[in-house]
Each structure stands twice: as C-alpha cells, then as structure tokens.
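Data first, discussion second: the structure below is written as structure tokens.
No lab work stands behind these numbers, since they all come straight from the coordinates. Treat the numbers as computed from the prediction; the structure is a model and nothing was measured. Here the Cβ positions follow ideal geometry from the backbone for every residue, glycine too, while neighbour counts run over all protein chains shown.
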Amino acid sequence: MRKILKNSYVVFFFSVFLVGGMLTPGTGFAEETAANALKPVAGEKIRALEDYTAELLNGLEPAQAEYIFQIRMQYGIIHGVQTVRRDIGSAVKSCGDKNPEMAEEMTQGFRVWNEMVTPRLDKADAALKTAIQRQGFRPTVRLNMLLDHIQAAFQERDSQFEKIPVTTAEACRGLLDSLSETDKELKGLLEETTQTLTTLSAEPVESAVSKEKK
C-alpha cells in the first residue's frame, strides 16, 4: 500500500485491534501501522465499550463468549474496510479537483475498485446482521447496543488521526496504482469475514475424547 493510504490503514488496524485482535493484510508498512495503532491512550468511549462487553460476557459459556468476540472482531473488519473506502473516495475527489487532467482516470479506477469491494462489504454486513439474529443467548437489542458502543469507540479513536489531503500528481498516481493491489486484499478479507460469520456457532465444540466415550 502506498503512503497515500497510510492514515486510513492506521485506522483500519486500530479498528481490528480495538475489537480483540491484530490483522495484517499484507501491506508494506504493516508493522509500523500496527505500532502506531497501539500508542494512543484509551478514551472514555473505549473504556465504556470494554465495560459493556464485560457485562455482556458475564455468565456465558466459553462457546457463547467466543461468539460475542467474533461479532466484535468481524464488525471491526467491516468498519475498517468502510473507513478505507470512505478515505479513498475523498482522496479521489481531491485528486480530481487539484489535477483535472487525472479526474476521469481516477474516477474510473475508483469505480472499478468499488465494484470489487462494495458487494463483498454488503455481503459481510448482511452476514453480521444474520449472525446477531441467529444466536439465542443474548437479546438482539443488546448485541446491537454492542455495535453502537464499538461505533462510538471508533469515532472517538478515528478523530485522533490526521487526514492528509491528496493533491500532487505523483501522490495521486500512487493512489491509483495502489487500488489494484488493495482490491484483491480486501476481497479476500471480506470473503473470509462473511464465511466466519456464516458458520459462527455458539454450540460447544465436541472434543475427540468426548466422541470416543460415545
């Protein structure tokens, strides 16, 4: 990934780290981004998220707690991709405004990228909603409140990242070239997210020992 998308990917890494894990989608500065995501001190909204999650997990069986963790984790990925898409769209507009001769090419490149990413993003989001409805150990409204807490924490954290406008022809060319790389990364990531959410189960995994006893 070119540096033009660096801040967007910092937010992406933080989105995943915030909800319980660190994801590394094959970028050239993944370690640096991950390190940056760990630096800031958790704010009020992030602490509220952790408190709410602890309350939500209280009394659950291990498999049910894992279900909640995956809801948080996969929502973080979905939000991260939404952030990347939003920031690329803003960068493409900025490039076209400052470099009119590149506007058509930039718009077309983003259109192709968006056509690859958005349907998979929508599918992952639908799988998330279905996974929330499918479980029966916590009221749906409480899991939707979890998403609200996550969203508030994202907004609190995202506000700490400086947005650097894309203006130079060189930077815009770098952005355009990077689109063909990131669409493949995000395509695979979103398909994996959809698969995880589709197969998510709160049933305990039966061990080999238990099977033998039967």
Fill in the blank from the handout: Once the dipole of the range 135-205 is set up from charges on Cβ (+1 Lys and Arg, -1 Asp and Glu), the residue from the list L179, F154, L190 lying farthest towards its positive end is F154
Problem - Charge dipole magnitude, Cβ of K and R +1, D and E -1 - the range 57-214, Cα centre, debye nearest 20 - result: 640 debye
Exercise for the section: Starting from the Cα-Cα distance between E191 and K123, subtract it from 0.36 nm times their residue separation and give me the gain in nm to one decimal. Expected result: 23.6 nm
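Would you please classify the overall shape of the range 104-156 from the alpha carbon gyration tensor, given that a ≥ b ≥ c denote the square roots of the eigenvalues, rounded means a/c under 1.5, and beyond that prolate means a/b larger than b/c while oblate covers the rest?
Cα axes put the range 104-156 in the oblate bin.
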Problem - Sites S180 and D148, calculated FRET efficiency, Cβ-Cβ separation with R0 30 Å, nearest 0.05 - result: 0.25
Fill in the blank from the handout: Binned at 10 Å from zero, the C-alpha pair distances of the range 89-214 give percents of 11, 24, 29, 20, 10, 4, 2, 0
Problem - Distance (nanometres) between label positions extended 7 Å along Cα→Cβ at E55 and D97 - result: 4.2 nm
